[in-house]
Structure formats: C-alpha cells, structure tokens
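Peer 1: My questions will all concern the structure given below.
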C-alpha cells in the first residue's frame, strides 16, 4: 500500500495496520481482553448482601441521587454490588488529590518538574498509596451504609469482608488500568470509565425504542429531538475539545559554530477547554451532597427545601450549577497552566511573542488570553451541562437521564485521545516500513 509521509493515516490504512502489524494488533487485543475482564468482574457479587432488598431500594429511589450519579462511572457495579463496585473511582479521586497537592506543596512540585522520570514515578507510587487509602475509606462507608438494612448477617465480620472484597477489587481495577496504559492503547483509567459509560447505552436505547413504539406521537417527536440534540452536542464537544488559541512566538537568531540559524516562527497553543470534564464533575459532586444529606436528616423543612430547590429543573439548581462550573473552570485552569512558568520558559529558550516584552508583560498577556479562553470554555461547559436536562424535561423523554453532560464529554474526549494514539502507532509503523525499504 502506497502512503504519503506528510498525510495523516486514512481509515483504511489504520484498520489494515491494526490487522497486519503484530505490535499494534497485540496492543489492541490486550486492551480489549482487559476491558472484558473488568466488565465480567462487575457482576461477581459481594457475599452476604440481600440483593432483592437493595434492588428494590434503588428502583424506589430511596438511596438518593449520589449512588445513581456514581453508578454511571462504574458501569452498574454499585447497583449490582459486585466486587468491582468502586471500580477506578478511588484512583481517579487520588489523582485529583495529588494534582491539588502538587500545586500546593513545593516538595511535590519539585518532584514533578525537576526530578524527571524518577520524580514522576515517585508521584505515581504516592498516588497508588492514596488510592488504596481512599478505597478503604469508601468501602468502609459503603459497608456501614449496607450494614443494617441489607446485610444478611449484620456485624463486624460483614463489614470486614465487604471492605476487603471492595478494596481488593478496586486495586485490581487500578492495576488493569495501568497495564492498559503500558501495554495497550490509550489511557487505561479513561478507557475503563469509557467502557463503563458505554455499557449503560444498550439499556437506555432499548427503553427509548420501547417509548417510541408506544404510539404517542408527541413522545416519538421528543425522541427524535433529543437524539438530534445529542448529535449536535457531540459535534460541538469535538470542536471545543480540539479548539486551541495559537499565540505566535518568534525564536531569536543564534549562531552555533560557523552556522547561523535565522529567526523561526512558531506558536504557543492554549486549549479552549483546559479543565476538560473536571469542572462538571466537581460541580455535580457539590450539588449532589444536599440530596444525599436529605436521606439521613429527618428535618421535614430541610427535606422539602432540597426536594424543591435542588431539583435539576429548578432555577436555583441551574444557577448554582453554572456558577460552580465557572468557578471550577478557572480553578482547574490555574492548576494546569501557569502563565509565569510559560513566560520564564520562553525567555530561557530565547523566544518571545511579537509586540510583547519578555518577562512580566508576557506573563500578563498570557494570563489575559487564558482568562478569556477559560470564560468561553466555561460557558460552553455550562450549556453542555444544562441543555440535555432541559430538553429531556421539555420532551418528557427520561430514558437517557444517566447519559448527561459529564458522560458525553468523557465519551468524546476519550474517543478522540484513543484515536490519536492509534494514528500515532500507525505513523510509526509507516516510518519503520520506509526505513526497512
């Protein structure tokens, strides 16, 4: 097959390389096999639990919105009470905690920036220990929550065996995620969340088809409108996730020996959405807390207030949701991009932005651009978060309630990143073939 070095691999070339190249084919098979293994573990039950009573409580909505929100990311493992009920969530939580600590603690920041690969390995090891502690904490809270109403034999033995089973399952999932990252394709943790979200789609699609076949023309029209909205949002997410502001930079002329290197023009890319899906996850977690507390606080006034004003269609909930997304967008962007560090690195490389003096002026300019980009990205995230719920309420089609803004962003983002990594492998195989020729 004749290919061009300067062009991105076509779909035909990508699939041929996946089928023929032993290295790429092996990585694809390892990834698929490990994902299937994790999905099977979701349905291995934790012993000693009355599943009929637990399932009835979930269907009746007695467990609050928090478990339903978390269950999306573990592929039904929490509602099925499998040994992988916690899934990759403790590791994700530990990664977020380490990101915050790295920005706050100079010792961790020095490990990440100045110690190279050894420092990054040490931070990864610390993240694993934090994930273990987080898994023990979450499994203990879950076992205590299940102790009285759903345990067949309540007591310390039930708590201990549940904590051991859930913690061991979570650590196994974390190991599988790292194995996928190392020997498979894509980021292991992201792919595990991706496959868990995808696993809920057949049930939602089946319920939607049944709803469309009910004979109510308004519901059929609502299903069509909802699907078109989802399609438009996926297209918009792709554009925003890939959108960047390219700040032009010029490298100064330099002389190495007798050779003179002329000025080179390049650009500094700043993403439109620096935080990805994290602002929505943080905002959703904050707003879900009152719903969870209302299940344990017997104050009628508090319960009525939460049920009235923290409903997803209330004006207070939507306003708080948008404000929290805006806040966490700026917060996460400040962790990901540091204008002062970027200005210092440009100065070290002998590069500058045209018309902007190096040093403090460059830092302020990058900060202004970053603030405008973050505001636009936060507005987009707010629209993505609010529009699906508004359309579902207007069309009375509630079958996709689990597939919200967070799920859409994760699905699209992981799909784009994995496709890029596969293309990278295909390009490397292409150049290896040219070298052999």
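The values are calculated or read from the model by the stated rules, or taken from the named source; none is laboratory data. Computed from a predicted model, the values in this text were never measured in an experiment. Cβ: placed from backbone, ideal geometry, glycine included. Neighbour counts: every protein chain shown.
Peer 1: Restrict the check to the stretch 389-401 and report whether at least one residue is outside the structural domain of residue 233 (by TED's automatic domain parsing), crowded, with 17+ Cβ neighbours inside 10 Å, modelled with pLDDT under 75 and assigned to a helix (DSSP H, G or I).
Peer 2: No, the stretch 389-401 contains no residue that is outside the structural domain of residue 233 (by TED's automatic domain parsing), crowded, with 17+ Cβ neighbours inside 10 Å, modelled with pLDDT under 75 and assigned to a helix (DSSP H, G or I).
Peer 1: Say whether the condition of being under 30 Å from residue 28 (Cα atoms) and within 31 Å of the chain's Cα centre (by Cα) is met by at least one residue in the stretch 145-162.
Peer 2: No: the stretch 145-162 contains no residue that is under 30 Å from residue 28 (Cα atoms) and within 31 Å of the chain's Cα centre (by Cα).
Peer 1: Then there is this: Just to verify a result, which residue in the stretch 179-227, among those that are at pLDDT below 85 and in a loop (DSSP other than H, G, I, E, B), is surrounded by the fewest Cβ atoms within 10 Å (Cβ to Cβ)?
Peer 2: 215
Peer 1: Across the stretch 311-329, what is the total count of residues that are over 19 Å from residue 279 (Cβ atoms) and at pLDDT below 80?
Peer 2: Here the count works out to 3.
Peer 1: Quick check: is even one residue across the stretch 285-302 in a loop (DSSP other than H, G, I, E, B), on the phi > 0 side of the Ramachandran plot and over 28 Å from the mean Cα position of the chain (by Cα)?
Peer 2: Scanning the stretch 285-302 turns up no residue that is in a loop (DSSP other than H, G, I, E, B), on the phi > 0 side of the Ramachandran plot and over 28 Å from the mean Cα position of the chain (by Cα).
Peer 1: If you don't mind, another one. Filter the helices (runs of 4 or more DSSP H) completely within the stretch 74-161 down to those with at least 3 residues that are surrounded by 13 or more Cβ atoms within 10 Å (Cβ to Cβ) and in contact (Cβ under 8 Å) with a residue 40 or more places away in the chain.
Peer 2: 89-104, 116-150
Peer 1: Something else now. Could you list, in sequence order, all residues of the stretch 228-248 that are in a helix (DSSP H, G or I) and in contact (Cβ under 8 Å) with a residue 12 or more places away in the chain?
Peer 2: Hits for the stretch 228-248 are 229, 230, 233, 234, 236, 237, 238, 240, 241, 242.
Peer 1: I would also like to ask the following. When the residues of the stretch 249-281 are filtered to those that are modelled with pLDDT of 75 or more and either part of a helix (DSSP H, G or I) or not assigned by TED's automatic domain parsing to the domain that holds residue 326 (or both), which remaining residue is farthest from residue 331 (Cα to Cα)?
Peer 2: So, considering only residues that are modelled with pLDDT of 75 or more and either part of a helix (DSSP H, G or I) or not assigned by TED's automatic domain parsing to the domain that holds residue 326 (or both), the one farthest from residue 331 (Cα to Cα) is 280.
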